[in-house]
């Protein structure tokens, strides 16, 4: 055969085989790219479903993963289809079978390559027949470009399902809140590490002072570093660290405060030096200085007997002995006071007391300016800032109502305890005479009562006992369970039924200036609680009534709120207001019973819920 003719036939057959191969690759692309998209979208729907059942991935993260997976699968399909190398001889064998060419193309290529020995005449006939057969082939008929609409429809349905799952994911806000909380906790953990490093690098602090400062920080850091820590645990850890550092902000180590505690016990035996003992017990030298000056003023008007002066002198002497090792200067001044009292020289005793007050003020200023106090205040501020940041981080919209109720209950408890400790009633609940005023003015009339509902109490008892932390009076008909613990009655505030309100627009003068509330109970007695009772204030009762709803029809009991709850197969449930408050208390109890929070940290949890209410 002519070499030129053989070369032309080789080029022609190779071009036709390559053209068929491109057509085949295009058909495979149209077939497999939609299938790859279906696979990626199916995985995305599975991820979105899992993220909907539990807080795992955010919608935007699921979308990014789906797009990345779909793109990766599509790219892999395109690389396999168009990048996989296939020789002309192999393609010729495939198309011989696909187009029913009876192995003409593969045989012709082998003849032209010289791999099959044949006579020139037979080779020419075979090549001519192959050229004519391949010219009659219609590749478009054998390899049609068909779009499989069912697969496209499946892809569209999966895309719609994915969009719906991503836009209606109830776990998204919870997951965002958890991640925001985790980020806040991680930030505060890093801040605590920096605070510890700053304390350790402070050359002005002694090793004992550094240890005292870093110990609460390390304890808080250890808790914050635990995986899956809750907001309550993190806030409690930071609050505990802040409280411990606040105790060091006066510039005294815990072991240095022990002598002041002993001196306070000695001085607490006398009513005249009770305030001094209270200040030294903290210890607060500035407050102690003011109390000592008060003792100096009282000496001039006290008219102490000989035995009383000797007892007071012995108390000052014992306090001086307790402070001898810790504070020699203050110990010497107290000895001077004791010596003057033994001699009966009241002027010298007053002068010694005034000098003692000056020494206390000077020492207080020195302690406040010490390196320990500065470092403690800086670390305490850091812990307090972190506590607020963690408490405010990651609040869920879905639980905002419950959080507000719980915060409001805790805030009410804080207000009740705070007002009782000061011997004052809540705003709008009548005037109460404090215990301090009752002692300073014995002739005054003890007539202050609390006007919150038809319940009364003696102001003098609240002042003398500091309103006993956790002590409260329940309305008649409501029993206080023993296991409800300290301050539970305050959580129950507002749990009664509401009746018709009274619009008080004008004030009324109280006769005698004793602070007696109109319609209040007599001293030492209680009113029976009635749901229809119209509340009154110091302003008296107006003629205009405001109906705020909530009145109980005759013959009915407590107002009920009915609804369908999942655990109730009958579809009916009734929850009283007091029952709801018990649920709030259960949340607090659960936080207190956590393995990471000591049970003696009730006040810390209380501070946290109070901070949410602000």
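Here, each number is a calculation from the coordinates, and none is a lab measurement. Because the structure is a prediction, the values reported are computed rather than measured. Positions of Cβ are backbone-derived with ideal geometry, glycine not excepted, and every protein chain shown enters the neighbour counts.
How far is it, in nm, from the label point at residue 15 to the one at residue 110 when both lie 7 Å from their Cα along the line to the Cβ?
Label at residue 15, label at residue 110, 2.6 nm between them.
Tell me, what is the Rg over Rh of region 261-365, with Rh the Kirkwood radius over Cα pairs?
On the Cα set of region 261-365, Rg over Rh gives 0.92.
Hey, quick one: spin label on residue 136, modelled 7 Å out along Cα-Cβ, who in region 86-102 has an amide N within reach, i.e. under 11 Å?
Label zone hits: 101.
Cβ neighbours within 10 Å, averaged per peptide: list 249-262, 352-365 in order, most packed at the top.
Highest-to-lowest ranking by the protection proxy: 352-365, 249-262.
Please list log₁₀ I(q)/I(0) at q = 0.23, 0.25 Å⁻¹ for region 145-242, using the Debye equation with identical point scatterers on the alpha-carbon positions.
Calculated log10 I(q)/I(0) at the listed q: -1.10, -1.19.
Let's test the formula: R0 of 35 Å, r as the Cβ-Cβ distance of residue 314 and residue 197. What FRET efficiency results, to the nearest 0.05?
0.10
Any idea what the relative contact order of region 203-286 is, in percent, if you count C-alpha pairs under 8 Å spaced at least 6 apart?
Once divided by the residue count of region 203-286, the mean separation gives 21 percent.
Compute the relative contact order of region 261-365 as a whole-number percentage, counting only Cα pairs closer than 8 Å that sit 6 or more residues apart in sequence.
It comes to 30 percent, rounded to a whole number.
Mind ordering 87-95, 221-229 by average Cβ neighbours within 10 Å, highest first?
87-95, 221-229
Please give the contour-minus-distance gain from residue 179 to residue 35: 0.36 nm per residue of separation, less the Cα-Cα distance, rounded to one decimal in nm.
Using 0.36 nm per residue and subtracting the Cα-Cα distance, I get 48.3 nm.
How much length is gained if the chain between residue 49 and residue 392 is pulled fully straight, taking 0.36 nm per residue apart and subtracting their Cα-Cα distance, in nm to one decimal?
120.5 nm
Expected output is a single nm value to one decimal: the length gained when fully extending between residue 321 and residue 161, i.e. 0.36 nm times separation in residues minus the C-alpha distance. What is it?
49.4 nm
Highest first, please rank the peptides 73-84, 264-275, 157-168 by the mean number of other Cβ atoms sitting within 10 Å of their residues.
For the peptides 73-84, 264-275, 157-168, the packing ranking is 264-275, 157-168, 73-84.
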